[in-house]
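Rule-based calculations on the coordinates, nothing more; no lab input. These figures come from a predicted structure and were not determined experimentally. All Cβ positions, even for glycine, are placed from backbone atoms using ideal geometry, and neighbour counts span all protein chains on display.
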């Protein structure tokens, strides 16, 4: 997904009332900061350094298979993303958000969460890339 598509996704979420204007502003600022960091990391990568890490959140409608949300954020913004997401996420027994944040910040990569919400017929997946 390109940076322009990610911006449009954030604006669609705002238009739908899924997020507030303040949340949208934070996400757009995070994308801009992530883009700057990505350009810096691309330069570092060419020089033999580490690459940028991203948190990808994907919500899919299980009936249609269409993606409702597909957003990438710099891992450094995990705390902001979790606070925003906590308003929309269902309470799930045995799901410890602090533990998940710890795993993400520890450097783990791959799929961190894969949840099927039968009530809303959605699948939520969170990856660190």
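So here's what we get for this one:
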{"item": "Label-point separation, residue 20 to residue 96 (7 Å along Cα→Cβ), nm", "result": "3.0 nm"}
{"item": "Footprinting exposure proxy for 72, 106 (fewest neighbouring C-beta atoms within 10 Å first)", "result": "106, 72"}
